[in-house]
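I have placed the structure first, in the form of structure tokens, so that the comments after it can refer back to it.
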Amino acid sequence: MTKAVIIGAGMAGLLAACKFPGSTIYEAGPERVEHRAVLRFRDESVSKLTGIPFKRVEVQKAVYDGPGKPLIIGQCPLNIQNRYAIKVTGNLISRSINSLVPSVRYIAPDDFHQRLIDRFRGQISFESPVTDGDILSIRDLMPQTAIISTMPMKMMASMMGLDLSGSEFKMEPEPILVTRYKLNFPVSDVYQTVYFPQMSMQVYRASITGQDLIIEGKAMGGDGTYYASGELKEILSAFGLSQSDVTFSEQKVQKFGKIIPLDKQVRESIIYELTKEFNVFSLGRFACWKSILLDDVARDLERLEPMIGANMYAKHLMFTKQ
């Protein structure tokens, strides 16, 4: 069985713990639960890795084009794709709004992250930041132990003394405000997402997931604020609902937006150097500084397993095939 030290007890780190049982996990911060936004997956890889059942659903998608106008479905017009990308990221990049056809997704339970924390609680050391000395000691004294890092790439590379000149680590400009409402119906079993490209609106997208309405948008000032009553009314109208149909549940600020990826060659060079020099294997969106899904993390773990046990020449060959 491969031995591993995992840096980070977020979602990527806990998925690594599922793949490498018995690992020691170090988390720099206190215990906390992430991901109050919608946790929808494109396939069953994460469910199979964790052993936690997900619900298979068909998600309907649409774009809100303003009061009194019909929702846009099917193919999203280019101008609206661009407007939404600029609103959310400040850049012209591809987003999930592009295709509005119904799609199959797999829904994780609301307490998914908490279940994983509870499963590995005895292996996690919270408020235990890892230093460069710790990494060098593991490399030199326990060479058969892999170091799987979910630490942000810039932090890890800087700590280990790599040259980062010319590397720009950027994220979408604003934290995300996640507001949840319960639907006031005895039964609600629909799965729908509506996107809001209007610059004048705080909301980015809203989703009905079973009994929950989840609204994701700009966190005003970074500290969160309720959506103005007029905007909430407009959001609800996109689903054919009114304010009497929902009851406020909770509101959280998701500190980090989506990552704006590094140049591919620069990113892969940093990942390779960390592995070659320090036996550090980068996992997840922050460590690889790339916008990837948790489905991708599960697949990356499949590729990581043979790489961890390989010699340096074999690792080089595997990296060149990525």
### Query
Which semi-axis lengths, in whole Å and largest first, follow from the square roots of five times the eigenvalues of the Cα gyration tensor of region 1-142?
39, 19, 13
### Phi to ³J(HN,Hα) by Karplus 6.51 cos²θ - 1.76 cosθ + 1.60 over region 117-124, Hz, x for Gly, Pro
4, 4, 5, 10, 3, x, 9, 9
### Message
For the chain, what does the convex hull of the Cα positions come to per residue, in cubic angstrom?
### Response
145
### Task
Pull up all non-local amide H partners of residue 254: gap of 5 or more, or a different chain, and H-to-H distance under 5 Å with H placed in the peptide plane.
176, 177, 178
### Query
How much of the DSSP beta bridge set in the chain is antiparallel, as a percent to the nearest 5?
70
### Message
Distance between the C-alpha centers of region 258-298 and region 158-200? Whole Å please.
### Response
19
### Query
Which ³J(HN,Hα) values in Hz, rounded to whole numbers, follow from the phi angles of region 126-140 under the Karplus curve 6.51 cos²θ - 1.76 cosθ + 1.60, where θ = phi - 60° and Gly and Pro get x?
7, 6, 10, x, 8, 9, 4, x, 4, 5, 5, 5, 5, 4, 7
### Query
What number, rounded to the nearest 500 deg cm²/dmol, is the helix-based mean residue ellipticity at 222 nm of the chain, given -39500 (n - 2.57) per DSSP H run of at least four residues and division by all its residues?
-9500 deg cm²/dmol
### Message
From the gyration tensor of the Cα coordinates in region 140-193, what semi-axes in whole Å does the equivalent ellipsoid have, largest first, with each one equal to sqrt(5λ)?
### Response
43, 21, 9
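For region 15-93, what number results from the quotient of the Cα radius of gyration and 2.2 N^0.38 Å?
In units of the globular-protein estimate, region 15-93 measures up at 1.65.
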### Query
Quick one: net charge of residue 121's neighbours, Cβ under 12 Å, K/R +1, D/E -1?
-1
### Protection-proxy order for peptides 73-84, 240-251, each taking the mean of Cβ atoms within 10 Å per residue, highest first
73-84, 240-251
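Taking N as the number of residues in region 70-141, what value does Rg over Cα atoms divided by 2.2 N^0.38 Å take?
Rg over 2.2 N^0.38 Å, computed on Cα atoms: 1.95.
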### Message
Whole percent per 10 Å bin, from 0 to the bin with the longest distance: what is P(r) over all C-alpha pairs of region 105-227?
### Response
9, 23, 26, 24, 13, 3
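Each reported figure results from applying straightforward, stated rules to the coordinates on display, with no laboratory input. On a predicted model such as this, the values are computed, not experimentally measured, just so you know. Here the Cβ is made from the backbone with ideal geometry for all residues, glycine too, and neighbour counts use every protein chain on show.
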